[in-house]
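Trainee: Please find one structure pasted underneath; my questions will follow.
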Amino acid sequence: MSPSMSGDPRTTVLGVLRVADTPVTAAEMAQQLGVHVTTARFHLRNLVDDGRAATVRLRSESVGRPRTGYVAVNELAVDDLLSILLGHLGDSATEREQTGALAGRQWAAQVLAGSPPADPATVPDPATVTADALRLLGFKVSNVLSAFGTHEITMCSCPLRQVGTSHPEIARGAVEYALESSSPALAGQYGVDVVPAADGDCEITLKLARATTLH
């Protein structure tokens, strides 16, 4: 039975790569999933960009350019180890979450240390500050939506891999630091809520709302 593309396409495509014994070409992926080769190639390239798949050069079956195959990239064992370590830092879930958020703050402080200071005479846009900081930290920001003073930013947890979805407080701490360090006017003004994708994908939604309105 062929895999279905009814769910998340990237998860489906990655699942095919993980069970394959040899590299899979875009044409082979398209045939297995019953989609156009352009669609298959699009999702494969996204997985490569996310660091979850890699390309390999295959010998051409005829005269011409070599073919490109795709293979799944094994998750780094250090992610599992770090997740286990974070799970032991503190006697309660609250303490462990605080530790993860503090680690995120310190991480952001190191990475963003060389960023140019904001103009003290202006209040920067919190969504712009957050998106720029996330990109500098290595996240792949895919969408920024602002409405009625609330901002939602969709990103991939690329630099944190598995730890980013199991410990979203790390990203929360990093964003809190970015907001506070960008302008005194933003310090403490926004609550940060980080929600990993329910299907276990790398996607994370980060919500900024005035601290008095965040639920």
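The values are calculated or read from the model by the stated rules, or taken from the named source; none is laboratory data. Values in this document were obtained by computation on a predicted structure and should not be read as measured data. Because the Cβ atoms are built from the backbone with ideal geometry, glycine has one as well, and the counts that use them run over all protein chains shown.
Trainee: For GLU28, indicate whether it is under 30 Å from VAL192 (Cα atoms), of a type in the set (Asp, Glu) and either modelled with pLDDT of 85 or more or assigned by TED's automatic domain parsing to the domain that holds ALA174 (or both).
Mentor: The answer is no for GLU28.
A quick yes/no check of all residues on (1) modelled with pLDDT under 90; (2) not assigned by TED's automatic domain parsing to the domain that holds ALA185:
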residue: VAL37; (1), (2): no, yes
residue: ARG57; (1), (2): yes, yes
residue: GLY64; (1), (2): yes, yes
residue: SER92; (1), (2): yes, no
residue: PRO116; (1), (2): yes, no
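Trainee: Consider only pairs whose beta carbons are under 8 Å apart and that are at least six residues apart or on different chains; among these, list those whose first residue lies in region 129-148 and is touching a residue at least 12 places away in the same chain (Cβ under 8 Å) and whose second residue is in a helix (DSSP H, G or I) and charged (D, E, K, R).
Mentor: Pairs found: LYS140/ASP49; VAL141/ARG135.
Trainee: Go through (1) modelled with pLDDT under 90; (2) assigned to a strand (DSSP E or B); (3) surrounded by fewer than 19 Cβ atoms within 10 Å (Cβ to Cβ) and name the single condition MET155 misses.
Mentor: Condition not satisfied by MET155: (3).
Trainee: Tell me, which helices (runs of 4 or more DSSP H) wholly within region 8-58 include 1 or more residues that are in contact (Cβ under 8 Å) with a residue 12 or more places away in the chain and under 18 Å from the mean Cα position of the chain (by Cα)?
Mentor: Hits in region 8-58: 9-19, 37-49.
Trainee: For region 170-201, which residues satisfy the criterion of being surrounded by 15 or more Cβ atoms within 10 Å (Cβ to Cβ) and aliphatic (A, V, I, L, M)?
Mentor: Residues satisfying the conditions are ILE170, ALA171, ALA174, VAL175, ALA178, LEU179, LEU186, VAL192, VAL194, ALA197.
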